[in-house]
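Student: The structure under discussion is supplied below as structure tokens; questions concerning it will follow.
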Amino acid sequence: MLQVSVFLENAKGRLAQVLGDLAEMGVNIKALSLADTKDFGVLRLVVDDAERVEKLLKERLYVVKLTRVWCLQVEDRPGGLAEVLDKLVERGVIVEYMYGFVEKVGELAQIVLRVRDQALMEAAVKDFCIGVSA
């Protein structure tokens, strides 16, 4: 799947502004993560149509990038996530960052992962994952 990354200056009201713009565009946010430094932040979003959202945000002069990420469904219980990550480590997958999804799928939790090696990840998840979107 594609993730929309929006680069924002770390200024009062800037996050509210971009979220308001997304609301005006009719964008439903399925998952999000915000990382910040002293001067800027990166808002990472999973939405229904990432390419359309990228285009609309660029029209409003936001700095935007699309990134391939993985959405894994893991058992929603203590240790469920740790077991999946252990299996990825065993197969050499390096996770750069991750965050949780807003909604569950039945009894499964969902997580979003950005990994270094897409082919390695693709091979790894075929062996053990309950549900996956790339």
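Every number in this text was worked out from the coordinates using simple rules, so none of it is lab data. Computed from a prediction, not measured in an experiment: that's the story for all the values here. Cβ placement follows ideal geometry from the backbone for every residue including glycine, while neighbour counts extend to all protein chains displayed.
Student: With everything on Cα atoms, drop me the angle between helix 50-59 and the longest principal axis of the chain, reported from 0 to 90° to the nearest 10.
Tutor: It works out to around 20 degrees.
Student: Pairs to check: LYS87/LYS126; LYS30/LYS55; LYS65/LYS87; LYS30/LYS126. Give those whose C-alpha atoms are more than 20 Å from each other in this structure.
Tutor: Violating the 20 Å Cα-Cα cut-off are LYS65/LYS87; LYS30/LYS126.
Student: Given an 8 Å cut-off on Cα distances and at least 6 residues of separation, report the relative contact order of the chain as a percent.
Tutor: Once divided by the residue count of the chain, the mean separation gives 27 percent.
Student: Now for a separate question. Would you tally the net charge around VAL69, using a Cβ to Cβ cut-off of less than 10 Å, leaving VAL69 out, and scoring K and R as +1, D and E as -1?
Tutor: +2
Student: Measuring from label point to label point, each 7 Å out along Cα→Cβ, what is the ARG91 to ALA11 span in nm?
Tutor: 4.4
Student: Note down the nm distance, to one decimal, between modelled labels 7 Å out along Cα→Cβ at LYS55 and at ARG68.
Tutor: With each label placed 7 Å out from Cα toward Cβ, I get 2.2 nm.
Student: OK, next. Could you work out [θ]222 nm for the chain from helices alone, using -39500 (n - 2.57) per DSSP H run of at least four and dividing by all its residues? Round to the nearest 500 deg cm²/dmol.
Tutor: So the helix-based figure for the chain works out to -9500 deg cm²/dmol.
Student: Using only Cα atoms, find the angle between the long axis of helix 14-24 and the longest principal axis of the chain, and express it within 0 to 90 degrees, rounded to the nearest 10.
Tutor: Taking Cα atoms only, the helix is inclined about 90 degrees.
Student: Within the set of other residues whose C-beta is less than 11 Å from the C-beta of SER5, count the net charge using Lys and Arg as +1 and Asp and Glu as -1.
Tutor: Net charge in that neighbourhood comes out at +2.
Student: The list (i) 1.20; (ii) 1.25; (iii) 1.00 gives values of Rg/Rh (Cα atoms, Kirkwood Rh), and only one came from this structure; which label was calculated from it?
Tutor: After the calculation, the listed value that fits is (iii).
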